[in-house]
Amino acid sequence: MKIAVVGSGYVGLVAAACFADMGHDIISVDNDANKTAMLQRGEVPIHEQYLPELLARHGGKRIAFCSSLPDAVAASDAIFIAVGTPQGGDGYADLSYVESVTRELARAMNGYKLIVEKSTVPVFTHDWIRKVMLLNGAAADSFDVASNPEFLREGTAVTDFLYPDRIVVGADNARSAAMLREIYGPLTSGSYYQAGPAVPRPDGTHIPPALIETSAKSAELIKHACNAFLAMKISFINAVANLCESVGADIRQVCNGIGADERIGPRFLNPGIGYGGSCFPKDLAAFRAVARECGYDLRLLDEVININEDQRHRFLRKVRRALWTLRGKRLAVLGLSFKGGTDDVRESPAIAVVEMLLKEGSEVRVYDPAGMQRAREILPASGVTYASSPYQAASGADALLILTDWAEFAALDLDRIHAALGYPIVVDGRNLFDPAVMAAHGFYYYSVGRPDVQSSADRRTAGIE
Ligand code: UGA
């Protein structure tokens, strides 16, 4: 199939690369001429595992990069819209990029096209796309609009796309449903996996994936409801972790106990400093807003959002509990991206915590394996220095704070960290370490939903007792 993918952000670029790997001919179009030129030179603008390999394999062959939407539309049978839908006023999704792409698309029509929403959009967006197409001169029988929400996570986007739990196809007529079935045929028939896929299969995935057919409206709701449910699961476990702290219980034990119930499951039960990223915060706000507009007050989501916001303030209180005063303290911070495995710092709770620490008068020395360049664009210049390793960040610091769940942090040499720190205090917002191990290494260790570790030997050496 000849496919145009409009927008080369996380979703668009990954979809383009993966569709190409599935055997389709792709034109990836973006109005950012610099980004397009970069992609044409073979450079990859985002940090995403396997993406460089797929782009190197298919760039200039099965994927062409261009910045002319009309050219891309004219050469394609299906057009996937994967442009940004940022948060607008009152929580609503700002759909102005979707609208302007649709207008341009209507004027470039040269035969039947299937228009597919790939960006996360609120319910009824497919109706609006249809209206805008008609208003801009497209003949009613020259196009269909379908919804094909994407469930990929940053950091594992390529494997999520190629080994999905399910594929949701929201199509309101047989023609568009058939086209989408054909596009995903290599995955759903299993032929892609038999042909020796470029990307290895992750543990626990089922192949071939199921394809779920729904109406366009249901598919739009599935995407918002899915992100809202996952965020609710995180806020729920954070709330229970807070209760564990109040009563002296251990959230790990509680999670083992509740996660073993198959109806609940063990995944997405990691407490911490709250969820962030470019999806959950904006999608919850948009879901809340569109539900209200459609006559249902989804108040449940208010509490999910409140708990999430509160989690970073609780962490700051924990840092105060560990350090007493914050003004003038030199703190080592590990992690700036909104989660491990990505350079994305948008809506990162780690960035929010660093900003709060700076406001309190602390100085921070930060380290992140991938997010430092992007963080520099957001964080103030004064009060923050950037280290080249976790050990350099820790050197001479009054405490070490862990704000992102990078696998590399969980594998730190604890003796080296202990030796580097000015005081052996670790405040872990992501529960990366076992409290017993931290105690054995002589740390004071504060984590989320688990009892604090106080090391008596180090209490004396640090002069705190
Ligand atoms: C999320 C969804 O997981 C994807 O299915 C969806 O496609 C995507 O949003 C989107 O709508 O585009 P993503 O934002 O990449 O993916 O990140 P997640 O892995 O879901 O993590 C989101 C946040 O929740 C992170 O800040 C993470 O640290 C936090 N989290 C996650 C927890 O605090 N605890 C957990 O147990 C899991």
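For the stretch 199-334, what's the relative contact order in percent, using C-alpha pairs closer than 8 Å and at least 6 residues apart?
Averaging sequence separation for qualifying contacts and normalising by length gives 26 percent for the stretch 199-334.
Please state the relative contact order of the stretch 2-214 as a whole percent: Cα pairs under 8 Å, 6+ residues apart?
19 percent
Using square roots of five times the C-alpha gyration tensor eigenvalues, list the equivalent-ellipsoid semi-axes of the stretch 2-214 in whole Å, biggest first.
Each semi-axis is √(5λ); the values are 25, 20, 17 Å.
Between E360 and L135, with labels modelled 7 Å along Cα→Cβ, what's the label distance in nm to one decimal, could you check?
5.0 nm
Could you look at the chain and say what percent of its accessible area is carbon and sulfur, using a 1.4 Å probe and all protein chains?
After summing per-atom areas, the C and S share lands at 52 percent.
Which ³J(HN,Hα) values, rounded to whole Hz and listed in residue order, are derived for the stretch 299-309 from phi using the Karplus coefficients 6.51, -1.76 and 1.60 in 6.51 cos²θ - 1.76 cosθ + 1.60 with θ = phi - 60°, glycine and proline given as x?
5, 3, 5, 4, 6, 4, 5, 4, 4, 4, 4
What is the angle, in °, between the Cα long axis of helix 174-183 and the longest principal axis of the Cα atoms in the chain? Nearest 10 is fine, range 0 to 90.
Roughly 60 degrees between the two axes.
List the residues, sorted by chain then number, that are 5 or more residues from V116 or on another chain and whose placed amide H is less than 5 Å from its amide H.
I79, F80, I81, A146
Which of the residue pairs K35/K223; K35/K217; K282/K339; K282/K359; K131/K282 have a Cα-Cα distance greater than 22 Å in the structure shown?
Going by Cα-Cα distance, K35/K223; K35/K217; K282/K359; K131/K282 fall outside the 22 Å limit.
From largest accessible area down, sort M22, M232; use a 1.4 Å probe on the protein chains.
Working: M22 15, M232 55 Å².
The ordering from most to least exposed comes out as M232, M22.
Of all the Cα-Cα pairs you can form in the stretch 54-147, what percent are over 19 Å apart?
43 percent
Please get the size of the charge dipole for the chain, origin at its Cα centre, with Cβ charges of +1 on Lys and Arg and -1 on Asp and Glu, quoted in debye to the nearest 20.
With Lys and Arg at +1 and Asp and Glu at -1, about 480 debye.
Rg and Dmax in Å for the chain, alpha carbons only: what are they?
According to the Cα coordinates of the chain, Rg and Dmax are 24.1, 80 Å.
Using the eigenvalues of the Cα gyration tensor, what equivalent ellipsoid semi-axes result for the stretch 384-433 when each is taken as the square root of five times the eigenvalue, whole Å, largest first?
So the equivalent ellipsoid measures 15, 12, 11 Å along its semi-axes.
Regarding the stretch 223-300, what are the three Cα extents along the principal axes, ordered largest first, in Å?
Per principal axis, max minus min of the Cα coordinates gives 42, 26, 23 Å.
Can you give the convex hull volume per residue for the Cα atoms of the stretch 1-126, as a whole number of Å³?
108 Å³
Relative contact order for the stretch 229-287 using alpha-carbon pairs under 8 Å, separation at least 6, rounded to a whole percent?
40 percent
Taking 0.36 nm per residue of sequence separation and subtracting the Cα-Cα distance, how much length would be gained by fully extending the chain between R153 and E408, in nm to one decimal?
89.9 nm
Under 5 Å between amide hydrogens, which residues at least 5 positions from I27 or on another chain qualify, with H placed 1.01 Å from N in the peptide plane?
Answer set, sorted by chain and number: I3, A4, V5, A64.
Using +1 at the Cβ of each Lys and Arg and -1 at the Cβ of each Asp and Glu in the stretch 176-272, identify which of T214, P202, I251 lies farthest towards the dipole's positive end.
T214
Report the trypsin sites (Lys or Arg not before Pro) located in the stretch 216-265 that are in a DSSP loop and have at most 15 other Cβ atoms inside 10 Å of their Cβ, or state none.
Answer by residue number: R263.
For the Cα atoms of the chain, what angle does the longest principal axis make with the long axis of helix 349-359, in degrees from 0 to 90, nearest 10?
Approximately 50 degrees, to the nearest ten.
Taking Cα atoms, how many degrees apart are the long axis of helix 216-247 and the longest axis of the chain, rounded to 10 and kept between 0 and 90?
Its long axis makes an angle of about 10 degrees.
Reachable lysines from K2, Cα under 21 Å, same-chain residues fewer than 8 places away excluded?
The reachable lysines, counting only those whose Cα sits under 21 Å from K2, are K61, K113, K118.
Under the rule of at least 5 residues apart or a separate chain, name every residue whose amide H is placed under 5 Å from the amide H of I212.
I167, V168, V169
Run the reach check for K318 against aspartates and glutamates, Cα to Cα strictly under 13 Å, same-chain hits fewer than 8 apart removed. What comes back?
Excluding near neighbours in sequence, the set is E245, D310, D428, D452.
So what does the Cα-only Debye profile of the stretch 308-461 read at q = 0.13, 0.17 Å⁻¹, as log10 I(q)/I(0), no solvent term?
Summing over Cα pairs of the stretch 308-461 leads to -0.51, -0.91.
Per-residue HN-Hα couplings for the stretch 413-419, Karplus 6.51 cos²θ - 1.76 cosθ + 1.60 at θ = phi - 60°, whole Hz, x for Gly and Pro?
Taking θ as phi minus 60°, the curve returns 7, 5, 5, 5, 5, 4, 5 Hz for the stretch 413-419.
Give me the one-decimal nm value for the distance between modelled label points at N173 and D452, 7 Å along each residue's Cα-to-Cβ direction.
The modelled label-to-label distance comes out at 6.6 nm.
The values are calculated or read from the model by the stated rules, or taken from the named source; none is laboratory data. Being a predicted model, the structure only gives us computed values, none of them experimental. Please note: Cβ atoms are built from the backbone with ideal geometry, for glycine as well, and neighbour counts cover all protein chains shown. Each accessible area value is taken on the protein alone, full model and side chains, heavy atoms only, with ligands, DNA and RNA left out. Shrake-Rupley method; radii C 1.70, N 1.55, O 1.52, S 1.80 Å.
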